[in-house]
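Participant: First, the structure itself, so that you have it in front of you.
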Amino acid sequence: MTISAQLLQRADLIGTQVITRDTGRKLGVINQVWVDIDQRQVVALGVRNTLFTGEQRYILLDSIRQIGDVILVEHDDDVTEALNTYNYSTLIDSEIVTETGEVLGRVRGFKFDPETGDITDLILASIGLPWIPAQLISTYELPIEEIVSTGPDRIIVFEGAETRLRQLTVGLLERLGLGAPPWESDEDEYYQPITPSSNQLPSGTRSPVYPPQRSRSDYEADWETAPRRRRRQPEYVEYEEEEYEYEERPRSRQVKPPAQAMPIELPESEPTADPWEEPQPIRLEQRQKQEEYDHE
């Protein structure tokens, strides 16, 4: 295996062509690097026809004969599809946290020895996507000895590891004064409140506590935000319907007796005067004549 003793970065292998030594056939390009995080070693390289298309295949690090401008393997059989990557990791975008829970950043790359596959350093930044140029964000280098334990998407390092970071690039935002490392931004946000000397009390004296003064708007706001009392919904109880048996009895028809005819009494002679005509008053002269006629 002809490999230079110089350390390689993961980004140096991505996009590199894979060619067989005996036939000179192109097998594809490197699209991924697989790591055994427990052993801190690179174990295999992922191969596809292009960087984003094609069937996923693998090359074990032991099968590589030369790494340079291209990667040489001995035969076509060195590129295999039978590799279980369940126990391996790519380390990309894994979160790096100290033992005290302080976030240092995310992994965007790493350095390793191509002869043995041993990882020496992690490259981290605030964003763990490697396709973002390093000129835009600041990147840092963390020795692999700082790792305490690892998980599927998180790497825990020793407390105070941020003091042992080595800065690789200065991002554009940091140059403009708009960005800072995560561990420094948290320190800038924290400040200790200072009490003016005029408000300080001597030792052994209790400070009086007064209830806060509330305005009318505060009470109106409490009234508007107070939860409304829910009205109790009536409970409906289902009663079982009792079955009753009804007997239909024939009804007797009642016959009413015939009405009796009332006798009508008719007058013997018809009245000569109209009963509806009003009587006319008798004059005095006519009355006297009538009396004379009656007297005779």
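Participant: Go through the range 1-24 residue by residue and tally those that are open to solvent by 30 Å² or more (accessible area, probe 1.4 Å), modelled with pLDDT of 90 or more, closer than 16 Å to V73 by Cβ and not in a strand (DSSP E or B).
Facilitator: 0
Participant: For the range 71-116, give me the residue count where each residue is surrounded by 16 or more Cβ atoms within 10 Å (Cβ to Cβ), among the small types (G, A, S) and within 30 Å of D22 (Cα to Cα).
Facilitator: 0
Participant: Any residue that is within 30 Å of Q66 (Cα to Cα) and assigned to a strand (DSSP E or B) - is there at least one of those in the range 93-104?
Facilitator: Going residue by residue through the range 93-104, those that are within 30 Å of Q66 (Cα to Cα) are 93-94.
If we keep only those that are assigned to a strand (DSSP E or B) as well, we get none.
Within the range 93-104 (the criterion being within 30 Å of Q66 (Cα to Cα) and assigned to a strand (DSSP E or B)), the answer is no, since none of the residues qualifies.
Participant: Continuing with the same structure: Restricting attention to the range 44-70, and to residues there that are of a type in the set (G, A, S) and surrounded by fewer than 14 Cβ atoms within 10 Å (Cβ to Cβ), which single residue is nearest to V29 (Cα to Cα)? Full working, then the answer.
Facilitator: First, pick out the residues of the range 44-70 that are of a type in the set (G, A, S): 44, 46, 54, 63, 68.
So of that shortlist, the ones also surrounded by fewer than 14 Cβ atoms within 10 Å (Cβ to Cβ) come out as 54, 68.
Details: G54: 10, G68: 13 Å.
Going through the qualifying residues, I end up with G54.
Participant: When the residues of the range 117-131 are filtered to those that are under 29 Å from I64 (Cα atoms) and not in a strand (DSSP E or B), which remaining residue is most open to solvent (accessible area, probe 1.4 Å)? Quick ask: steps written out before the conclusion?
Facilitator: Applying the first criterion (under 29 Å from I64 (Cα atoms)) to the range 117-131 yields 117-124, 128-131.
Imposing the further condition that a residue be not in a strand (DSSP E or B) reduces the set to 117, 128-131.
Values: G117: 0, G128: 1, L129: 61, P130: 54, W131: 188 Å².
Selected residue: W131.
Participant: Which one of I123, I127 is at pLDDT 90 or above, within 33 Å of the chain's Cα centre (by Cα) and closer than 14 Å to L104 by Cβ? Break it down stepwise before answering.
Facilitator: Details: I127 fails: at pLDDT 90 or above.
From the options I123, I127, the qualifying one is I123.
Participant: Considering only residues of the range 63-92 that are β-branched (V, I, T) and assigned to a loop (DSSP other than H, G, I, E, B), which is nearest to L124 (Cα to Cα)?
Facilitator: Quick first cut of the range 63-92, residues β-branched (V, I, T) only: 64, 67, 70-71, 73, 79-80, 85, 90, 92.
Next, only the ones that are assigned to a loop (DSSP other than H, G, I, E, B) stay: 70, 85, 90, 92.
Details: V70: 27, T85: 23, T90: 14, I92: 9 Å.
If we take residues in the range 63-92 being β-branched (V, I, T) and assigned to a loop (DSSP other than H, G, I, E, B), then I92 is nearest to L124 (Cα to Cα).
The values are calculated or read from the model by the stated rules, or taken from the named source; none is laboratory data. Remember, it's a predicted structure, so these values are computed and weren't measured experimentally. Neighbour counts run over all protein chains shown; Cβ positions are idealised from the backbone, glycine included. Only protein heavy atoms, including side chains, enter the accessible area calculation; ligands, DNA and RNA are left aside. Shrake-Rupley method; radii C 1.70, N 1.55, O 1.52, S 1.80 Å.
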